[in-house]
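Worksheet for the structure shown next.
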Amino acid sequence: MMTNKIKYLFAALCIVFASCDPVEDLYEELDESASEANQVSFAYELTASDYGTIAAMIKAEGTNEEDTLLAEFIEDNEALTANVNPTEYMPSVLEGQFPHLGNTSAIQVSYKLFQGEVSENSQQYIDEAITLTQADYSIVGGDAEEFGILTRSQTPGDVLPVVLKDIIQEEPEKGDIKLVYYEYLDTADILTPVPVVAYKTVTEEDTTGFTQVNVTMGADEYQVIVDYIENTRGVEWIDSYGTLDFYYASNSYFKNFDTRISKRKEFAEDMNDDLFAGSANEEEDSTRIAERTIEGLQKYLGLTFDRATSENTVYNIEYKNYNGSNYFITTSFVLDDESKDGAPQPRGEEQARFYTYDGSKWAQSDDIYYLNPEDYATLGITGRFLNFSDDKLPENYLPTYLITLYPYAQEGDSYKIAYNYYNGNSTETIVETFTVTEGLWVGNRIIAKEEQYIKSEDRWNLDPTIVFTMTSADYQIIVDAVAKSNPALYDDGFGTQEWLYGAGSFYSNFDIRVSKRQSGDYAQSEYDGLTQEEALPVLLNKAAEGIKVLLQAKYPSLPAQVNGIDVFIKVTFATYNGSGNDTYLVEFQSKGGGTFEIVEGPNKK
């Protein structure tokens, strides 16, 4: 479930860049850092003024209405288009902005690129998503109010316009669009909570002759509790990785309960949880945490074992608490027939739909389709992160999927598809227009582009050097490659770590601890007898080899030269050596056809 006040981009969105004075502050920094020859290197993002400059040049060179339309689009939307060659206009923009810079200066220029046809621009903007709360379901009444969920008898299309009219305080304008998240259960029946089997700790109960069942809590067992909290309290009660809940503090990644008082008070404050209300001291704080942990284990048992299985059975559960260090506890439980434990309320599947204000009322937007969990599953994207990313590009999935969604679409028909996209730092929701063009679905996503320009012979020229810092998605590409090529060195506990190169997407780094390669499941003979210091060059070279695997996946068709200039790739990556983190830079040269050669590094930054 996405949080409120997320910004949503239509692919035909009029992008707004924050700017005060585009270059004045930058000039001050450059004056401080420039050499006598004014040779500098820095990053620069095109401003509204820059797009206006490019638009003016296109108008001046134009010969027909299409050129005028193109220029107006670039200026209005602050984005270049696929049929504009940046190298024709960027030198003039840079010379106009930075006339005092000398030869060999380099600028990493970033800009927005609109991939669709200019005529498809829709000029729409969504500033906020709405997630229905219990108060909102109460407006609907009936099962929605009782269970906090919509059903087939209270369909979103019927009830959400009423809810929106009630909860949106500001006066809407015609054409306003809201994205609404809600829980939906596809049933017409009256919902009845299913009783949960309840358990109690063994104190003085007579358990003579009972069957003893020993349970050691592992990742799957802790995850049962996390999922329970997500289903009953909402996604805001779990962390962004979906492995920790903020009520019981069950953590499936570290396989423990977090019992640190300071951390639990932080959770309680953030979630308005009354766990510590009226507590007199730390001893009582600890007692309350312990009681909450026992409650979590009771929930786990109730969700895992049925009543028939649990008759005359003692469950001895070994679990791990973390209070700064891990320690193990075993607690025994038996069936509690007299417990009046409240059953979890029925939960549906999170869905979302767009609603448009037509000037008098809100109505479901039929021309915008939001990809829901079942859509991602159909596309083969599963797990806790339902989104596209740099290694799962939407254009590789959606054109084919649209054929199944709209099998009778005709040439020129357009639909907007909303989907989640992880950009390497955060997940945003993009709304992209797809149009049937020559029998195929073609999208118009706005993407971010970066190009480096170097000044030589008093002119700015495109430098094809690629510069990037590895993100979680990049590390995952290496992990996935090792999972296929060398599964013995792939840690499939969470699917985020491999030990051939050391790439890990959870922490976004290369783990270069030699100890991880000297014993256990991931032992490799080349590290036998080496100290951490002795193994460091080998481990860094291994990381560089892993990055070469990444480059082969990201740039399989990268040429050796562009306009006669050799293509280089500079990659910044993070490492963990057991005691701290370091950052390194390694440089490759493209040899064409997806082959790369290390020319420098890795060097510590």
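The values are calculated or read from the model by the stated rules, or taken from the named source; none is laboratory data. All values reported here derive from a predicted model rather than from experimental measurement. Cβ atoms come from the backbone with ideal geometry, glycine included; neighbour counts cover every protein chain shown.
Which one of the conditions (1) more than 20 Å from Thr496 (Cα to Cα); (2) of a type in the set (A, V, I, L, M); (3) buried (at least 17 other Cβ atoms within 10 Å of the Cβ) does Ile238 fail to meet, given that it meets all the rest?
(1)
Note down all Cβ pairs under 8 Å where the first residue falls in the range 312-335 and is within 12 Å of Lys255 (Cα to Cα), the second is surrounded by fewer than 14 Cβ atoms within 10 Å (Cβ to Cβ) and of a type in the set (Asp, Glu), and they're at least six residues apart or on different chains.
Phe328/Glu318
Keeping to the range 78-119, report how many residues are polar (S, T, N, Q), in a strand (DSSP E or B) and either exposed (fewer than 14 other Cβ atoms within 10 Å of the Cβ) or in contact with a Pro (Cβ under 9 Å, 6 or more places away or on another chain) (or both).
Of the residues in the range 78-119, 1 are polar (S, T, N, Q), in a strand (DSSP E or B) and either exposed (fewer than 14 other Cβ atoms within 10 Å of the Cβ) or in contact with a Pro (Cβ under 9 Å, 6 or more places away or on another chain) (or both).
For the subset of the range 307-327 comprising residues that are part of a strand (DSSP E or B) and of a type in the set (Val, Ile, Thr), which member is farthest from Ile294 (Cα to Cα)?
It comes out as Thr313.
Within the range 502-556, track down each residue that is touching a Lys or Arg at 6+ places or on another chain (Cβ under 8 Å) and free of Cβ contacts under 8 Å to residues at least 12 places away in the same chain.
Ala523
Would you confirm whether any residue within the range 197-216 is hydrophobic (A, V, I, L, M, F, W, C), under 22 Å from the mean Cα position of the chain (by Cα) and surrounded by 15 or more Cβ atoms within 10 Å (Cβ to Cβ)?
no
Residue under question is Val180, and the condition is that it be of a type in the set (A, V, I, L, M) and either over 31 Å from the mean Cα position of the chain (by Cα) or modelled with pLDDT under 85 (or both); does it hold?
no
May I ask you to verify whether Phe494 is in the same structural domain as Asn577 (by TED's automatic domain parsing), in contact with a strand residue (DSSP E or B) (Cβ under 7 Å, 6 or more places away or on another chain) and either surrounded by fewer than 20 Cβ atoms within 10 Å (Cβ to Cβ) or part of a strand (DSSP E or B) (or both)?
For Phe494, the condition - in the same structural domain as Asn577 (by TED's automatic domain parsing), in contact with a strand residue (DSSP E or B) (Cβ under 7 Å, 6 or more places away or on another chain) and either surrounded by fewer than 20 Cβ atoms within 10 Å (Cβ to Cβ) or part of a strand (DSSP E or B) (or both) - is not met.
If the Cβ limit is 9 Å and pairs must be 6+ apart or interchain, which residue in the range 278-292 that is of a type in the set (Ser, Thr, Tyr) pairs with which residue that is in a loop (DSSP other than H, G, I, E, B) and surrounded by 15 or more Cβ atoms within 10 Å (Cβ to Cβ)?
What qualifies is Ser286/Thr259; Ser286/Asn323; Thr287/Ser279.
Mind listing just one residue for me: the one in the range 197-236 that is at pLDDT 85 or above and in a loop (DSSP other than H, G, I, E, B) and, of those, nearest to Asp273 (Cα to Cα)?
Filtering first and then ranking leaves Ala198.
Please list, ordered by residue number, the helices (runs of 4 or more DSSP H) wholly in the range 134-189 having 2 or more residues that are over 17 Å from Glu350 (Cβ atoms) and either in contact with a Lys or Arg (Cβ under 7 Å, 6 or more places away or on another chain) or among the charged types (D, E, K, R) (or both).
142-147, 156-167
I'd like to verify a number: residues in the range 476-504 that are at pLDDT 95 or above and of a type in the set (Gly, Ala, Ser), how many?
2
Residue by residue through the range 424-441, note down the ones that are under 19 Å from Leu113 (Cβ atoms), modelled with pLDDT of 85 or more and not hydroxyl-bearing (Ser, Thr, Tyr).
Phe434 - this is the single residue of the range 424-441 that is under 19 Å from Leu113 (Cβ atoms), modelled with pLDDT of 85 or more and not hydroxyl-bearing (Ser, Thr, Tyr).
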